[in-house]
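Quick note: the coordinates plus some simple rules give every number you see, no bench work behind them. Everything numeric here is computed off the predicted structure, so don't read it as measured data. Cβ placement follows ideal geometry from the backbone for every residue including glycine, while neighbour counts extend to all protein chains displayed.
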2 protein chains.
Amino acid sequence: MSMTEKLELVSANKSFGGWHKRYRHRSRALDCEMVFAIYLPPQAETERVPLFWWLSGLTCTDENFMQKAGAQRVAAELGIAIVCPDTSPRGTDLPGEHDSYDLGSGAGFYVNASREPWKNHYRMYDYVTEELPSVVRQHFPVNGREAISGHSMGGHGALIMALRRPGHYCSVSAFAPIVNPSQCPWGRKAFHEYLGEDPGSWTQYDACELVAKGASSQPLFIDQGEEDDFLVEQLKPERLEAVCSAHDHPLTLRRQPGYDHSYYFIASFIEDHLRYHAEYLFKR
Amino acid sequence: MSMTEKLELVSANKSFGGWHKRYRHRSRALDCEMVFAIYLPPQAETERVPLFWWLSGLTCTDENFMQKAGAQRVAAELGIAIVCPDTSPRGTDLPGEHDSYDLGSGAGFYVNASREPWKNHYRMYDYVTEELPSVVRQHFPVNGREAISGHSMGGHGALIMALRRPGHYCSVSAFAPIVNPSQCPWGRKAFHEYLGEDPGSWTQYDACELVAKGASSQPLFIDQGEEDDFLVEQLKPERLEAVCSAHDHPLTLRRQPGYDHSYYFIASFIEDHLRYHAEYLFKR
C-alpha cells in the first residue's frame with residue numbers, strides 16, 4: 001500500500017462551501033474500475049477533518065446519498081468529510097450478475113465472496129474496510145477519526161464492520177438496516193450465492209450473530225420507519241433488539257411512525273445521525 | 001372550474017413530519033395526463049398554509065427538486081407547501097417531440113404554443129398559472145398566498161409569470177434563470193418552434209423584455225453560479241442586470257463563486273430563498 005494510488009477525477013461540484021467530487025480508480029480488491037464520491041467540507045481546505053462513511057443499499061451507487069440525503073449542509077457546518085463507495089463491483093460480466101436487483105451488480109452485501117463466479121471480484125468487505133480507506137488517506141486531508149453508517153443493505157454493512165472492528169470506528173449508526181441477513185430472504189439469497197452453505201461463514205457477516213458473540217461493545221444507533229415495506233420480511237429490527245437485550249449490548253432503536261424505506265426518511269433524520277457521530281468524532 | 005378535479009395518488013412519503021405526495025390528473029390545458037408533486041408541511045394538518053411554486057429546468061420532472069434540493073426541511077420549519085409541476089406535456093407523441101433534450105418533452109418552456117404540432121398540448125403557461133393552481137386550491141389546505149421560483153428554464157418561467165401577473169405572487173426568485181430567451185440558443189430554438197417567427201409573440205415570454213416594458217415592479221431575487229457551464233451562452237444575467245438598471249427595476253443578483261448549474265448549487269442556497277419568500281408570504 002505504499003505506492004500512491006492513481007485517481008481520475010470524474011466530476012466536481014461546489015456544495016455548501018465545500019466540494020462534492022467523484023473519482024474513478026482501479027481497485028485491486030475487486031479487480032475492476034470503481035467510482036466513489038467524497039464530500040470535502042470547507043474546513044478541509046485548511047485542516048484535516050474526520051470522516052463519515054456512508055454505505056448505500058440495494059441498486060444504489062455512490063450518487064444516491066450525495067444527491068438525496070441533504071447531508072452536505074450538516075457536514076459543512078460540522079467539518080466532516082463524507083465518503084460514499086459504490087455498492088458492488090462494476091464493469092464485470094459474471095454469469096447472472098445483472099439479472100436481479102438483489103444479487104450481483106448493486107448488491108455486493110459488503111462481504112468477501114468465497115464462491116465462483118463471485119470470489120475474484122465480490123470482495124466489498126475488503127474494499128470498504130481496507131483498500132478504499134487507504135486511497136482516501138493518501139489523497140485527502142482526513143485526520144484518522146472515522147464514523148460509519150448506511151441504509152438497508154448498507155446499514156447491514158455499517159453494523160458488521162463496526163462490530164467486527166472494535167475500536168476502529170468512533171461511532172456507528174444505521175437507517176433501516178438488514179440486521180439478521182442469515183434469516184431473511186435478501187440475505188439468504190446473497191449469502192448462499194457469495195458464501196455457500198456453510199453457516200459458519202455467514203455468522204461473521206450478520207449483526208445479530210456478531211452481537212451474540214460479543215465481538216464488540218460499541219453502541220448501536222438505528223432509525224427505522226414503521227411504514228417501511230420491508231420491515232417485517234427483511235429488516236426485523238426486533239431480532240437485534242432481542243439479542244442486544246440478552247447480551248447487554250447498548251442499542252438505541254428509534255421507530256419512526258409513518259416513515260417508509262425511501263431517501264425522504266433518510267433526509268428527515270440524517271442531521272440527527274451526523275450530530276450523533278460528531279459527538280464521538282470530535283471527542284478529545 | 002367549479003367541477004372538482006379528480007386526482008389519483010401516485011405515491012406518498014412522510015418527510016420531515018409532513019408529506020411528499022405525487023398525483024396524476026387529466027389536464028385540460030395540456031390535453032394529456034400529468035403528474036405533479038406537492039409537499040405538505042406538518043402545519044397543513046391543522047391550518048391553511050402558503051404555497052411555494054417550483055418550476056424545474058430542461059429534462060426535469062416533478063421529482064428532481066423534491067429529491068435533491070433539501071427544501072422540505074426548511075418548508076417544514078416555516079410551514080410552507082411546495083408544488084412542483086412537470087416541465088412539459090407527457091404521453092403525447094408529436095413529430096420530433098422526443099428527439100432533443102431542449103425541445104418538446106421536458107422542454108415546455110412555460111409558454112402557450114401557437115404553432116403546429118405543439119399548440120394543442122404545449123400550453124404550460126396556462127397549466128401552471130391557471131389549471132394547476134385551481135386543482136391545488138380544490139384539494140389542499142392552502143391559504144391563497146403564493147411565491148414562485150425555479151431553475152434555468154424554470155427560473156425563466158418563474159420570472160415571466162411574476163412579471164406578467166403583478167400582485168399575484170407575494171415574491172419571486174430564481175436560480176440560474178434564462179433571463180433573455182429571445183436572445184439565446186435554447187430560447188430561440190424553443191420560441192421558433194412553439195411561437196413562430198413573429199418577434200412580438202416572443203417578448204411576452206422574455207423576462208428582459210417584460211422588465212423593459214415596465215409590466216411590474218416586483219423585486220427579483222436571483223442566484224447565479226459563476227462556474228455554470230451555461231452562463232455565457234444561455235443565461236446572460238448581465239442582460240437582466242442592465243435592463244433592470246435602465247428601468248429602475250429592483251434586482252438582487254448574487255454571483256456565487258465556484259458553483260455550477262447542478263442541484264448541488266440549488267441545495268446550497270434554497271434555504272436563503274425559502275426564508276426570503278417566507279418574509280413576503282407571512283407578511284400581514
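Want the number for A:R28 to A:R284: 0.36 nm per residue separation, take away the alpha-carbon distance, what's left? Spell out each step's value before the answer.
Values: separation 256, 0.36 × 256 = 92.16 nm, distance 3.53 nm.
Gain on stretching A:R28 to A:R284: 88.6 nm.
Of the lysine pairs in chain B, how many meet both conditions: Cα atoms under 22 Å apart, and a spacing of 8 or more in sequence or different chains?
For chain B, qualifying lysine pairs total 6.
Please rank A:F36, B:F269, fewest neighbouring Cβ atoms within 10 Å first, as an exposure proxy.
B:F269, A:F36
Please label the shape of the range A:46-182 as rounded, prolate or oblate, based on the square roots a ≥ b ≥ c of the eigenvalues of the alpha-carbon gyration tensor (a/c under 1.5 means rounded; beyond that, a/b larger than b/c means prolate, else oblate).
prolate
Given a Förster distance of 56 Å, report the FRET efficiency between A:S134 and B:K189 from their Cβ-Cβ distance, rounded to the nearest 0.05.
According to the calculation, E is roughly 0.70.
Could I get the Rg over Rh figure for the protein assembly as shown? Both from C-alpha atoms, Rh via Kirkwood, rounded to two places.
1.01
So what is the relative contact order of the range A:8-276, in percent, for Cα pairs below 8 Å that sit 6 or more residues apart?
Worked out over the range A:8-276, it gives 17 percent.
Return a whole-number percent for the relative contact order of the range B:224-276, with Cα pairs under 8 Å and 6 or more residues apart as the contact set.
Result for the range B:224-276 is 51 percent.
For chain A, state the semi-axes of the equivalent ellipsoid (square roots of 5 times the eigenvalues of the alpha-carbon gyration tensor), sorted largest first and rounded to whole angstrom. Please list the in-between numbers first.
On the way: eigenvalues 139, 110, 61 Å².
Equivalent ellipsoid of chain A: 26, 23, 17 Å, largest first.
Note the distances from B:N143 to each other copy's matching label point, with points 7 Å along the Cα-to-beta-carbon direction, in nm, sorted shortest first.
4.4
Classify the range A:1-88 as rounded, prolate or oblate from the Cα gyration tensor: take a ≥ b ≥ c as the square roots of its eigenvalues, call it rounded if a/c is under 1.5, otherwise prolate when a/b beats b/c and oblate if not.
Since a/c reaches 1.5 but b/c is at least a/b, the shape of the range A:1-88 is classed as oblate.
Please compute the net charge surrounding B:H261, taking Lys and Arg as +1 and Asp and Glu as -1 over other residues with Cβ under 9 Å from its Cβ.
Working: positive: none; negative: B:E227, B:D228, B:D229, B:D260.
Around B:H261, the surrounding residues sum to -4.
Which of rounded, prolate or oblate describes the range B:123-265 when judged by the alpha-carbon gyration tensor and an a/c cut-off of 1.5? If you can, show how the numbers build up before the last one.
Values: a/c = 1.44, a/b = 1.24, b/c = 1.16.
Rounded, because the longest to shortest axis ratio a/c is under 1.5.
Would you kindly state how much longer the chain becomes between B:V232 and B:R115 on full extension, computed as 0.36 nm times their sequence separation minus their alpha carbon distance, in nm to one decimal?
Taking B:V232 through B:R115 to full extension adds about 39.2 nm, to one decimal.
Between copies, how close do the A:E226 label points come, placed 7 Å along Cα→Cβ, listed in nm from shortest?
Ordered by distance, the counterparts are at 5.0 nm.
Hey, which residue of B has the C-beta nearest the axis mapping B onto A, and what's the distance in Å?
Nearest residue, distance rounded to whole Å: B:G70, 2.
Among B:59-71, B:90-102, how do they line up from the highest to the lowest mean number of other beta-carbon atoms within 10 Å?
Ranking the peptides B:59-71, B:90-102 by packing returns B:59-71, B:90-102.
Suppose R0 equals 25 Å; then what is the FRET efficiency for A:E241 and A:T59 from their Cβ-Cβ distance, rounded to the nearest 0.05?
Here the calculated transfer efficiency is 0.35.
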